[in-house]
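A quick write-up on the structure given underneath.
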Amino acid sequence: METLQHRFVEFIPEVLDEGILYITMEYRTAVHMCVCGCGNEVITPFSPTDWHLRFYGDSVSIYPSIGSWSFKCRSHYWITRNRIEHAESWNDREVQQGRDADKMNKKSFYDEKSQEPKFEKPGTKLNRKTKKWSLKSFFSFLGFK
Ligand SMILES: [Zn+2]
């Protein structure tokens with residue numbers, strides 16, 4: 001299996017087909033069967049500190065690479081424009097280093113956020129702005145009812 005077909009779904013089906021990368025925007029997650037054929041489900045949540053999805057219209061890429069260290073197969077590969085690019089398997093020390101780096105990355109990302117008391121979700125900001133500058137409030141600002 002050297003390619004995966006992406007499929008946008010609302011819900012991840014109970015039974016997965018091999019060779020399909022199921023993507024749900026609702027849950028910001030992708031799921032696929034490990035490409036080695038071991039039958040394990042590989043779950044890749046999308047977040048600033050987890051995986052990123054790049055959609056090209058006809059294919060997708062997922063960054064960074066996928067390392068199934070908790071499976072026996074210890075598969076490690078990239079999904080680049082629906083193509084599987086096999087990468088070197090890591091030894092235990094490398095896996096631990098990767099996990100530590102991930103932890104640090106997550107920690108600093110969320111620490112930075114919490115150090116900004118004025119941080120607002122973009123949605124909140126947009127709502128407020130819309131409300132503030134709606135036509136109605138603009139006219140009432142000018143004295144019209
Ligand atoms: Zn596998």
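The values are calculated or read from the model by the stated rules, or taken from the named source; none is laboratory data. The structure displayed is predicted, hence computed values, not measured ones. Using ideal geometry, Cβ is built from the backbone for each residue, glycine included, and neighbour counts are taken over all protein chains shown. These accessible areas exclude ligands, DNA and RNA; they are computed on the full protein's heavy atoms, side chains included. Shrake-Rupley method; radii C 1.70, N 1.55, O 1.52, S 1.80 Å.
Laid out as a table, the results:
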item: Residue pairs meeting the criteria (Cβ under 9 Å; at least 6 apart or on separate chains; first within 10 Å of the ligand (Cβ to nearest atom), in region 59-74; second assigned to a loop (DSSP other than H, G, I, E, B) and of a type in the set (Phe, Trp, Tyr)); result: Arg74/Trp90
item: Matching residues, region 75-93, being away from the ligand (no atom under 16 Å from the Cβ) and touching a Leu at 6+ places or on another chain (Cβ under 7 Å); result: Asn82
item: Matching residues, region 3-12, being open to solvent by 20 Å² or more (accessible area, probe 1.4 Å) and either of a type in the set (Phe, Trp, Tyr) or within 18 Å of Val35 (Cβ to Cβ) (or both); result: Thr3, Gln5, His6, Arg7, Phe8, Phe11, Ile12
item: Pair list, Cβ < 8 Å and 6+ apart or interchain, from region 25-38 residues that are more than 14 Å from Asn82 (Cα to Cα) to residues that are assigned to a loop (DSSP other than H, G, I, E, B) and away from the ligand (no atom under 16 Å from the Cβ); result: Glu26/Glu10; Glu26/Phe11; Tyr27/Ile12; Arg28/Ser47; Thr29/Ile12
item: Only listed residue being part of a loop (DSSP other than H, G, I, E, B) and either of a type in the set (A, V, I, L, M, F, W, C) or open to solvent by less than 40 Å² (accessible area, probe 1.4 Å) (or both), chosen from Val95, Val15, Val31; result: Val15
item: Enumeration of residues in region 41-58 that are within 16 Å of the ligand (Cβ to nearest atom), open to solvent by 40 Å² or more (accessible area, probe 1.4 Å) and either free of Cβ contacts under 8 Å to residues at least 24 places away in the same chain or out of contact with any strand residue (DSSP E or B) (no Cβ under 9 Å at 6 or more places or on another chain) (or both); result: Ile43
item: Output for region 75-92, where each listed residue is part of a strand (DSSP E or B), free of Cβ contacts under 8 Å to residues at least 60 places away in the same chain and open to solvent by 80 Å² or more (accessible area, probe 1.4 Å); result: Trp78, Glu85, His86
